[in-house]
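Asker: The structure is given below, and queries will be raised subsequently.
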Amino acid sequence: MAIEVRIPTILRTYTDGEKAVTGDGGSLSALIDDLESNHPGLKERLVEDGDLRRFVNVYVNDEDVRFIGGLDAELTDGDQVVVLPAVAGG
Amino acid sequence: MLTISEATYDAIVAHAKRDHPDEACGIVAGPEGSDRPERVVEMVNAAGSPTFYEFDSTELLELYKEMWAKDEEPVVIYHSHTATEAYPSRTDIGLASEPGAHYVLVSTREHGNNDGPVEFRSYRIVDGEVTEEEVRVVPALS
């Protein structure tokens, strides 16, 4: 099983500069745990108190995961995951 | 230093004035690694607020996919302050996530929707550290 994950510039310090990495898991949280095993530190930047961080957007096949279950969003082989930090401020 | 064309400068200022008293936001895309702000993309402020801005998450993805397809990056990320100076707020600094971008702040506090000068300033925001830089407005990018 392989799921491609697009990594934003700001998080590429965890992926040796790679723009995309692959991982697997049947849900977004399982995928993040799998990524964490190869790219330690990444999980903390995505998850806080058991939930997706407020200002991190994750998309599965172009769908914002907040609308499809958040960390429980189901994943299958070949899915495309994109991580984008929110562009926001005050 | 940020070097920007008059047309791009004017477009950002016009957007900020139009959306006042809400904050306006957008980017100027350019070829990856070029430091050339070429293509203004106005974004909807999903927060619709005079004190906060946030790109709509679906539009954000569309924007990045388009930039990836064109080998572009956000050279400038801009937004307006409508009641305070054109300096990054604590929230701006905490949420800045494009270390390669010029963060442009426009303040419309003086003239609002009307004609008149605005503050237009640019910063680098890296690891929570803000560095102001000179803004050079040129007739056209060379």
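Asker: Whether any residue in region B:12-26 is without any contact (Cβ under 8 Å) to a residue 12 or more places away in the chain, assigned to a helix (DSSP H, G or I), closer than 22 Å to B:Y87 by Cβ and more than 10 Å from chain A (Cβ to nearest Cβ) is what I want to check. Show your work before the answer.
Answerer: Just the residues of region B:12-26 that are without any contact (Cβ under 8 Å) to a residue 12 or more places away in the chain, to begin with: B:14.
Still in the list and also assigned to a helix (DSSP H, G or I): B:14.
Subset that is closer than 22 Å to B:Y87 by Cβ: B:14.
Keeping just the survivors that are more than 10 Å from chain A (Cβ to nearest Cβ) gives B:14.
Within region B:12-26, one or more residues are without any contact (Cβ under 8 Å) to a residue 12 or more places away in the chain, assigned to a helix (DSSP H, G or I), closer than 22 Å to B:Y87 by Cβ and more than 10 Å from chain A (Cβ to nearest Cβ).
Asker: Quick one: in region B:83-101, of everything that is part of a loop (DSSP other than H, G, I, E, B) and within 7 Å of chain A (Cβ to nearest Cβ), which residue is nearest to B:G30 (Cα to Cα)? First the steps, then the outcome.
Answerer: Looking only at region B:83-101, we keep the residues that are part of a loop (DSSP other than H, G, I, E, B), and these are B:83-89, B:96-101.
Still in the list and also within 7 Å of chain A (Cβ to nearest Cβ): B:89, B:97-100.
Values: B:S89: 26, B:S97: 17, B:E98: 14, B:P99: 15, B:G100: 12 Å.
So the residue we want is B:G100.
Asker: Of the residues A:D34, A:D79, A:D49, which is in contact (Cβ under 8 Å) with a residue 40 or more places away in the chain and away from chain B (no Cβ under 11 Å)?
Answerer: Working: A:D34 fails: in contact (Cβ under 8 Å) with a residue 40 or more places away in the chain; A:D49 fails: in contact (Cβ under 8 Å) with a residue 40 or more places away in the chain.
Testing whether each residue is in contact (Cβ under 8 Å) with a residue 40 or more places away in the chain and away from chain B (no Cβ under 11 Å) leaves just A:D79.
Asker: Same structure, new question: For region B:1-40, how many residues meet the condition of being surrounded by fewer than 18 Cβ atoms within 10 Å (Cβ to Cβ), over 21 Å from B:D115 (Cα atoms) and among the aliphatic types (A, V, I, L, M)?
Answerer: Count: 1.
Asker: Let me ask another. Please work out if A:L42 is more than 12 Å from chain B (Cβ to nearest Cβ), without any contact (Cβ under 8 Å) to a residue 40 or more places away in the chain and in contact with a Ser or Thr (Cβ under 9 Å, 6 or more places away or on another chain). Walk me through how you get there before you give the answer.
Answerer: Details: more than 12 Å from chain B (Cβ to nearest Cβ): yes; without any contact (Cβ under 8 Å) to a residue 40 or more places away in the chain: yes; in contact with a Ser or Thr (Cβ under 9 Å, 6 or more places away or on another chain): yes.
When the stated conditions are applied, A:L42 passes them.
Asker: Also, I was wondering about something else. Could you check region A:24-74 and list, in sequence order, the residues that are of a type in the set (A, V, I, L, M), more than 15 Å from A:V5 (Cα to Cα) and part of a strand (DSSP E or B)? Before the answer, list the steps.
Answerer: Kept after step one, since they are of a type in the set (A, V, I, L, M), are these residues of region A:24-74: A:28, A:30-32, A:35, A:42, A:46-47, A:52, A:56, A:58, A:60, A:65, A:68, A:71, A:73.
Within this subset, residues satisfying the condition of being more than 15 Å from A:V5 (Cα to Cα) are A:47, A:52, A:68.
A:V47, A:L52 - these are the residues of region A:24-74 that are of a type in the set (A, V, I, L, M), more than 15 Å from A:V5 (Cα to Cα) and part of a strand (DSSP E or B).
Asker: In region B:38-48, which residue that is outside any strand (DSSP E or B) and at the interface with chain A (Cβ under 9 Å from one of its Cβ atoms) is farthest from B:T84 (Cα to Cα)?
Answerer: Initially, region B:38-48 is screened for residues outside any strand (DSSP E or B), giving B:38, B:44, B:46-48.
When the remaining residues are screened for being at the interface with chain A (Cβ under 9 Å from one of its Cβ atoms), the result is B:46-47.
Numbers: B:A46: 20, B:A47: 18 Å.
Per the stated criteria, the residue is B:A46.
Asker: From the list B:F52, B:F120, pick out the single residue that is more than 10 Å from every other protein chain (Cβ to nearest Cβ), in contact with a strand residue (DSSP E or B) (Cβ under 8 Å, 6 or more places away or on another chain) and surrounded by fewer than 21 Cβ atoms within 10 Å (Cβ to Cβ).
Answerer: Details: B:F52 fails: more than 10 Å from every other protein chain (Cβ to nearest Cβ).
Exactly one residue qualifies, and that residue is B:F120.
Asker: Say whether the condition of being touching a strand residue (DSSP E or B) at 6+ places or on another chain (Cβ under 8 Å), more than 9 Å from chain A (Cβ to nearest Cβ), more than 15 Å from A:P85 (Cβ to Cβ) and of a type in the set (A, V, I, L, M) is met by at least one residue in region B:61-68.
Answerer: no
Asker: Across region B:27-48, what is the total count of residues that are farther than 10 Å from B:P74 by Cβ and free of Cβ contacts under 8 Å to residues at least 24 places away in the same chain?
Answerer: Going through region B:27-48 one residue at a time, the tally reaches 3.
Asker: Which ones in region A:52-76 are aromatic (F, W, Y) and either more than 14 Å from chain B (Cβ to nearest Cβ) or surrounded by fewer than 19 Cβ atoms within 10 Å (Cβ to Cβ) (or both)?
Answerer: In the first step, residues of region A:52-76 are kept if they are aromatic (F, W, Y); the result is A:55, A:59, A:67.
Within region A:52-76, A:F55, A:F67 qualify.
All of the numbers you see were taken from the coordinates with simple rules; none came from a lab. The structure presented is a predicted model; accordingly, all values stated were derived computationally and were not measured. Virtual Cβ from ideal backbone geometry, glycine too; neighbours counted across all protein chains shown.
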